[in-house]
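Structure record follows, encoded as structure tokens.
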Amino acid sequence: MYVVKTRGGYLFANGGATKHLKFASTFDTKKKAEEVAEKWLRSDISFKAVEKESEEYEQN
């Protein structure tokens, strides 16, 4: 599972950002996460698709 990480937090269903990973939208593939992020986010916002599991451990 992948999540989209932005400077403000993590992307979730309405296209906004949250700092709490448990509210982030998850995607089956990195490609799908990137496609959705490109569609939802403004072009001037940078993002990165990362594995959800590794991010959860970093926060704890």
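The values are calculated or read from the model by the stated rules, or taken from the named source; none is laboratory data. Just so it is clear, the structure is predicted and the values come from calculations on it, not from any experiment. Cβ placement follows ideal geometry from the backbone for every residue including glycine, while neighbour counts extend to all protein chains displayed. In case anyone asks, the SASA skips ligands and DNA or RNA and just uses the protein heavy atoms, side chains included. Shrake-Rupley method; radii C 1.70, N 1.55, O 1.52, S 1.80 Å.
Structure notes:
- Residue within the stretch 30-41 that is among the small types (G, A, S), modelled with pLDDT of 85 or more and in a loop (DSSP other than H, G, I, E, B) present: no
- Given (1) open to solvent by 100 Å² or more (accessible area, probe 1.4 Å); (2) at pLDDT 90 or above, number of the condition H20 does not satisfy: (2)
- In the stretch 1-17, residue modelled with the lowest pLDDT [restricted to those that are over 15 Å from K39 (Cβ atoms) and in a loop (DSSP other than H, G, I, E, B)]: G8
- The stretch 44-56 residues that are at pLDDT below 75, paired with ones that are not basic (K, R) (beta carbon under 9 Å, 6 or more apart): E55/V3; E55/Y10; E55/L21; E55/A24; E56/L21
- Residue ID - nearest to G8 (Cα to Cα), chosen from residues in the stretch 32-46 that are out of contact with any strand residue (DSSP E or B) (no Cβ under 8 Å at 6 or more places or on another chain) and surrounded by 11 or more Cβ atoms within 10 Å (Cβ to Cβ): E38
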